[in-house]
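A short write-up of the structure that comes next.
The values are calculated or read from the model by the stated rules, or taken from the named source; none is laboratory data. As the structure is a prediction and not an experimental result, all values here were calculated from the model. Because the Cβ atoms are built from the backbone with ideal geometry, glycine has one as well, and the counts that use them run over all protein chains shown.
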Amino acid sequence: MSERSTMSRLSNIDPVVALLATVAVVALVARFVGLGVSPPGFYVDEAIASAQLVCLRYTGADATGESWPLISSVQIGGARAFWSPLWLYPGVGWVTVFGDSPASLRGFETLLSVVGVFATAGIARSFLGNRGWAWVLLLGSISPWGWTLGRVAFGNSAVTGVALMMTGLWLLTRGGMRRRLRWFEALGGSLLLASAVLVNHTRLAALAVLLLVVVMLFRRRLVDRTVLASGAAGLLLAALPVLVDGGRADIWARAQETWVFSDPSVPAAGLGRLTGIASVLAANVAEHLSPQFLVFSGDTNLRHSSQVAGHLGWLDLLLIAAIPMAVALVARGSVVLGVQRVYFAVVATGFVSVVLSASLTVESVPHGLRMFPAQPFVALGLGLVGIVLTERWRLVPVGAVLTAVLFAAYFAPRYFGEYPDRAGTSFDVSVVQAAAQARTADDAEGFFEAVGIGYVRSGAIYFMASGSGDQCPGDVP
């Protein structure tokens with residue numbers, strides 16, 4: 001390539017896209033910093049999920065002794081936690097390459113959070129172009145919601161579900177729903193979105209968005225027989241682990257344990273039951289949309305929120321405040337907004353279904369982890385506001401970057417300074433310390449006895465198995 005050609009391409013780069021994307025990439029790289037420091041410790045849910053990967057890595061069987069399973073599952077309380085092959089086997093590959101320390105395993109979760117951010121930005125690009133991509137990438141990268149939850153190795157949970165859901169949605173909308181869907185887009189999109197339906201936290205949103213997009217594709221005649229067969233194959237592949245192993249991994253049990261229909265305060269039948277459910281649902285929606293939850297301190301559970309800030313960042317809040325201004329600019333014709341209605345439908349459907357899904361539960365309301373799948377839809381909506389404002393005022397992207405930098409300067413010292421001290425109990429720091437002492441003394445059974453009460457054994461196994469596979473049910477080669 002000639003020097004002149006290179007210079008020509010560089011001169012054609014949109015400075016708005018370059019500025020926003022550069023800051024976003026720096027912020028996303030920063031997510032991998034200090035994973036062994038903040039959050040502290042290694043919570044039992046992290047240890048249980050990680051034990052599956054470590055044991056598979058060293059023995060070819062998960063922490064329950066199942067050899068190369070389609071689904072790994074562990075009984076926890078009255079329900080079963082399960083891990084799908086789309087999380088298990090990439091995770092095994094990750095620990096094989098990068099090791100199985102808590103920092104490394106949190107790094108895998110962080111990678112999934114980054115995939116979710118890029119997939120969401122990809123959806124924006126399909127409908128809004130490069131500036132939409134850059135705005136949504138920035139909003140996703142600096143989200144305190146995504147930062148906090150993207151650094152906890154929960155496993156087959158909200159972050160994994162969002163990565164599956166948004167990547168699947170990106171594949172199904174790559175052409176901005178203006179051209180025929182390709183077979184590989186239908187196969188991959190249906191597989192990933194249907195897999196997200198099997199994750200508790202993204203179940204309703206993924207199902208609602210999948211149905212909406214499929215209906216719109218058919219209405220626009222963008223589906224042929226090959227694409228239809230590919231989509232059906234994707235759905236079947238997603239369902240296969242459950243069809244084969246569903247009796248062992250009840251994916252609905254946790255939802256049934258916590259949803260409003262199981263609330264003993266709701267009448268059992270009749271009109272009273274309907275009004276009771278509606279009352280609880282309305283109250284829960286109000287909690288999840290409250291300023292305290294979104295703006296000031298987030299979830300009271302330190303595993304779901306650092307409480308340094310709410311789940312929305314300063315740039316999110318500025319763009320929300322600017323929505324009336326953006327609407328006025330479009331209404332007056334100052335900015336021409338050539339956006340398809342289906343884009344608004346996807347954003348609204350995704351956001352509302354997440355809020356409803358989180359509010360249908362009665363445990364720990366408001367709940368930052370259950371509400372996290374709303375974050376990409378918030379970014380998609382606010383990215384559009386950013387585009388409108390940029391069309392009217394050129395310095396808006398500069399203001400956005402300055403706001404992001406100021407928020408980072410406020411957030412980061414507190415996240416790495418105050419938060420680890422406050423969150424030690426929430427992340428089982430004492431268990432991590434006991435595990436280190438037990439490994440030094442070569443006293444695995446003593447460790448199991450010490451933490452056995454109220455602690456799932458497969459979680460304890462992680463601390464002894466890390467680096468060797470020792471204490472895993474399978475045979476270490």
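Some values worked out for this structure:
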read-out	value
Search result, residues across the range 422-477 that are acidic (Asp, Glu), under 24 Å from TYR58 (Cα atoms) and in contact (Cβ under 8 Å) with a residue 12 or more places away in the chain	ASP470, ASP475
Every residue from the range 106-142 that is in contact (Cβ under 8 Å) with a residue 60 or more places away in the chain, in contact with a Ser or Thr (Cβ under 7 Å, 6 or more places away or on another chain) and under 24 Å from SER38 (Cα atoms)	VAL117, GLY140
Residue check for ALA18: crowded, with 19+ Cβ neighbours inside 10 Å and in a helix (DSSP H, G or I)	no
Options ALA121, ALA134; residue that is closer than 25 Å to ARG370 by Cβ, surrounded by 22 or more Cβ atoms within 10 Å (Cβ to Cβ) and not hydroxyl-bearing (Ser, Thr, Tyr)	ALA121
Among the candidates SER364, SER353, SER305, SER357, residue that is modelled with pLDDT under 95, crowded, with 19+ Cβ neighbours inside 10 Å and either not in a helix (DSSP H, G or I) or not hydrophobic (A, V, I, L, M, F, W, C) (or both)	SER357
Residue in the range 195-235 that is surrounded by the most Cβ atoms within 10 Å (Cβ to Cβ), counting only those that are polar (S, T, N, Q) and farther than 16 Å from THR160 by Cα	SER230
Filtered residues of the range 415-472 (kept if aromatic (Phe, Trp, Tyr) and either outside any helix (DSSP H, G or I) or under 24 Å from LEU302 (Cα atoms) (or both))	TYR415, PHE416, TYR419, PHE427, TYR455, TYR462, PHE463
Candidates LEU169, LEU192, LEU181, LEU187 - the one that is buried (at least 24 other Cβ atoms within 10 Å of the Cβ), in contact (Cβ under 8 Å) with a residue 12 or more places away in the chain and within 12 Å of ALA238 (Cβ to Cβ)	LEU192
Hey, VAL354 within 28 Å of ARG392 (Cβ to Cβ) and aliphatic (A, V, I, L, M) or not	no
Filter result (over 24 Å from the mean Cα position of the chain (by Cα) and either of a type outside the set (Gly, Ala, Ser) or buried (at least 20 other Cβ atoms within 10 Å of the Cβ) (or both)) within the range 426-440	VAL429, VAL431, VAL432, GLN433, ALA435, GLN437, ALA438, ARG439, THR440
Counted residues, the range 82-111 - those being within 20 Å of HIS201 (Cα to Cα) and surrounded by 21 or more Cβ atoms within 10 Å (Cβ to Cβ)	11
Residue satisfying all of: in the range 214-235; touching a Gly at 6+ places or on another chain (Cβ under 8 Å) and part of a helix (DSSP H, G or I); farthest from VAL346 (Cα to Cα) among these	GLY234
Answer from TYR462, TYR419, TYR410, TYR415 - the residue that is of a type in the set (Phe, Trp, Tyr), surrounded by fewer than 15 Cβ atoms within 10 Å (Cβ to Cβ) and under 26 Å from the mean Cα position of the chain (by Cα)	TYR410
Members of the range 325-345 that are under 14 Å from LEU380 (Cα atoms) and in a helix (DSSP H, G or I)	ARG341, VAL342, TYR343, PHE344, ALA345
Which listed residue, of SER72, SER67, is buried (at least 24 other Cβ atoms within 10 Å of the Cβ), of a type outside the set (A, V, I, L, M, F, W, C), modelled with pLDDT under 95 and in contact with a strand residue (DSSP E or B) (Cβ under 9 Å, 6 or more places away or on another chain)	SER72
Top-ranked residue in the range 75-95 [being small (Gly, Ala, Ser) and modelled with pLDDT of 95 or more; ranked as nearest to ALA434 (Cα to Cα)]	GLY91
